[in-house]
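Colleague: Just passing along the structure, written as structure tokens.
The values are calculated or read from the model by the stated rules, or taken from the named source; none is laboratory data. This one's a predicted model, so the numbers in the text were calculated from it and none came from an experiment. As a convention, Cβ positions derive from the backbone with ideal geometry for all residues, glycine included, and neighbour counts pool all protein chains shown.
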Amino acid sequence: MTAFADDPMLTHLCTQTDLLLSTIRTLDDHAVRGPSRLPGWTRGHVLSHLARNADGFANVAGSAVTGRITPMYLSVEARDADIEAGADRPAADLEADVESSAERLLVQLAAVPAEHLDLQVPSGRGPDVSVATVPWTRTREVVYHHVDLDAGFTFADVPDVLLRAGLLECPPRLADAAPGARITCTLADGELLDLTVGDGAVPVRGQAADVLAWLTGRGDGSSLDTDGQPLPTLPSWG
């Protein structure tokens with residue numbers, strides 16, 4: 001049996017990729033050249049990044065399949081150059097690139113052998129990437145950058161299981177926050193999720209989607225309740 005044969009995250013990845021592609025199909029050439037939510041990036045930059053990110057994760061998964069290590073990216077400079085080179089293409093070309101690169105990644109993930117799940121592959125831009133993390137990490141990329149397109153999709157459209165996964169990885173990434181936040185998130189099914197970010201100095205309550213948008217720098221937190229205290233300014237989510 002292959003490593004991800006029974007991994008439900010692959011189903012979420014396919015669903016979220018389909019939703020992303022549906023949004024891309026609503027964008028014309030003018031729209032893809034418009035600004036995204038990411039400073040300095042157009043929607044075309046976001047889509048070019050998503051395509052090259054899929055190819056990068058395919059390198060990681062493919063390393064487990066073939067036994068030949070291929071870094072996710074050659075370097076930070078090569079990654080950035082590839083994104084820039086593809087950003088100004090027509091909407092149809094960007095859509096086709098996002099779709100075909102996603103398909104290539106799924107082919108590699110479907111072939112990863114279970115005995116290579118713990119393989120570590122150089123990222124080319126930071127810590128090594130574990131093959132085991134690829135389904136979630138790619139799903140996160142698809143979801144968060146779908147939001148970044150600023151084309152109607154928000155964290156409110158994301159299922160609880162993905163919101164929960166995203167929220168739970170925020171505390172270690174924001175561990176230096178001071179003042180930080182002691183957060184109670186309400187998921188769509190009514191479940192409460194408690195998080196402590198940094199020193200936990202400020203109480204914060206709100207809907208899970210709004211909290212995740214704030215923690216990842218994709219929302220201003222204006223809908224969150226802080227018992228009248230100023231909302232903390234958090235370090236970059238990265």
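Colleague: Do we have G86 as closer than 19 Å to V107 by Cβ and either surrounded by 14 or more Cβ atoms within 10 Å (Cβ to Cβ) or in contact (Cβ under 8 Å) with a residue 60 or more places away in the chain (or both) here?
Modeller: No, not satisfied.
Colleague: Mind telling me which of the residues G166, G126, G200 ends up being closer than 25 Å to A51 by Cβ and outside the structural domain of L27 (by TED's automatic domain parsing)?
Modeller: Being closer than 25 Å to A51 by Cβ and outside the structural domain of L27 (by TED's automatic domain parsing) holds for just one of G166, G126, G200, which is G166.
Colleague: Same structure again: Of all residues in segment 185-238 being small (G, A, S) and loosely packed, with under 13 Cβ neighbours inside 10 Å, which is farthest from D150 (Cα to Cα)?
Modeller: By that ranking, first place goes to G228.
Colleague: On to the next question. Residue by residue through segment 107-133, note down the ones that are under 30 Å from P35 (Cβ atoms) and either touching an Asp or Glu at 6+ places or on another chain (Cβ under 7 Å) or of a type in the set (A, V, I, L, M, F, W, C) (or both).
Modeller: Across segment 107-133, the qualifying residue is only V129.
Colleague: Considering (1) in a loop (DSSP other than H, G, I, E, B); (2) within 18 Å of W237 (Cα to Cα), say which one G152 fails and leave the rest.
Modeller: (2)
Colleague: Have a look at V98, V107, V131, V76 and point out the one that is surrounded by 16 or more Cβ atoms within 10 Å (Cβ to Cβ), out of contact with any His (no Cβ under 8 Å at 6 or more places or on another chain) and of a type in the set (A, V, I, L, M).
Modeller: The unique qualifying residue is V98.
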